[in-house]
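First up is the structure itself, then whatever we jot down about it.
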């Protein structure tokens, strides 16, 4: 069976790069290299408080919406919801925050039991695409065309939320991953930002020799350690072959680039370059090592600026760089969005759209920046990044210059992603060879292609 494509890789990457280019243009057009704070009135009148494209239901409709998302994005959400309810009598909203894994589990159970919420947060690619395949999400294609979403949202964000041929979600963010590093540790050890993979290996070894954890990562549930491994795959395979591997146009079994990427990952695990016990650690545990300076580097996206500030840490201690993975040093990228239950009545759907229109008003973004993925992926708002998140526009500048590839756990279908997470654990534990890991991945691909 031919694999069902979850996105068109080349067009997607080009769209992401186009968004990055817009961000760079917005940044470079200002004489001051530091990002300017968003205007109090939101700047563009057409993007701040414009009426929603669908009229919200009127008082007396008695509409109740349920909304699921990440607990990490909950700061201020209850206040915004309360304000929305006050301005829209007859509409009530129940918000529920979850951890990453709990959200995945609850959504999948609810999809089977037909008990999904009215709207929910989800990543793009294979993660969000599964709900489209289940037939439980509302197809937004016609609604978006009728309401000119191509003039509201950036092209990259719409492409990332187009899954299995339909626009499937309201775009929340476009994200680019880099290596955040402790500037003070680099300075103390006389290290410079690496520009080649050989230099990166040397930086890692020097930090480890100083008794500091070089790569701060965790294996529960697997997507964080994946972020380093996919950089090794990009390096050994090169951009073109990496893209071919992601769509299974090139076999994984016996592929030297795949084997080399697993070999280098295993060497890092064996050498103690990760935290002790990382196999059983969760991502949330990592700040306990990074913030006190016990670890030097951590792969995160531009949202990490906001996380550091929300945790009341000193952002000036942190710099970033694109991991030197060869070629143009492409960064890993992905999208996020809000999906709608296909069982919603028209009135409920209109209320959900009105909720998100209100949620993304600039006044709410200014008051509660921690709830949002910066920059907001809407036309005219690309430069509205809080001034204290100094790395965000610079990260997108690097992404624009370097290009991007789709992050592995969105590029690959779930059965293959699960196999990848298992493989990385087996390699770290020394219970699997890199050659066997490549074969294990090929068997998972075959199961996917067989329709399992």
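The values are calculated or read from the model by the stated rules, or taken from the named source; none is laboratory data. Just so it is clear, the structure is predicted and the values come from calculations on it, not from any experiment. Using ideal geometry, Cβ is built from the backbone for each residue, glycine included, and neighbour counts are taken over all protein chains shown.
In this structure, residue 272 does not satisfy being surrounded by fewer than 23 Cβ atoms within 10 Å (Cβ to Cβ), in contact with a strand residue (DSSP E or B) (Cβ under 8 Å, 6 or more places away or on another chain) and in a loop (DSSP other than H, G, I, E, B). The residue of region 173-203 that is farthest from residue 406 (Cα to Cα), among those that are assigned to a helix (DSSP H, G or I) and under 25 Å from the mean Cα position of the chain (by Cα), is 183. Exactly one residue among 144, 82, 111 is in contact with a helix residue (DSSP H, G or I) (Cβ under 6 Å, 6 or more places away or on another chain), modelled with pLDDT of 95 or more, surrounded by fewer than 21 Cβ atoms within 10 Å (Cβ to Cβ) and assigned by TED's automatic domain parsing to the domain that holds residue 168, and that residue is 111. Listed conditions (1) farther than 26 Å from residue 99 by Cβ; (2) in a helix (DSSP H, G or I) are all met by residue 254, apart from (2).
Among residues belonging to region 276-307 that are part of a loop (DSSP other than H, G, I, E, B) and crowded, with 20+ Cβ neighbours inside 10 Å, point out the one that is nearest to the chain's Cα centre (by Cα). Even if it seems obvious, please write down each step before you answer.
Keep residues of region 276-307 that are part of a loop (DSSP other than H, G, I, E, B), which gives 276-277, 281, 286, 291-294, 302.
Retained after the next criterion (residues that are crowded, with 20+ Cβ neighbours inside 10 Å): 281, 286, 302.
Details: 281: 20, 286: 18, 302: 9 Å.
Ranking the qualifying residues of region 276-307, first place goes to 302.
Only a single criterion out of (1) in the same structural domain as residue 119 (by TED's automatic domain parsing); (2) touching a strand residue (DSSP E or B) at 6+ places or on another chain (Cβ under 7 Å); (3) farther than 19 Å from residue 162 by Cβ is not satisfied by residue 378, namely (3). Inspect region 185-199 for any residue being at pLDDT below 95 and on the phi > 0 side of the Ramachandran plot and give the result as yes or no. Scanning region 185-199 turns up no residue that is at pLDDT below 95 and on the phi > 0 side of the Ramachandran plot. Going through (1) at pLDDT 95 or above; (2) surrounded by fewer than 22 Cβ atoms within 10 Å (Cβ to Cβ); (3) more than 18 Å from the chain's Cα centre (by Cα) one by one, residue 310 falls short only on (1). Residues of region 204-221 that are over 15 Å from residue 270 (Cα atoms), outside any loop (DSSP other than H, G, I, E, B) and touching a helix residue (DSSP H, G or I) at 6+ places or on another chain (Cβ under 8 Å): 207, 220.
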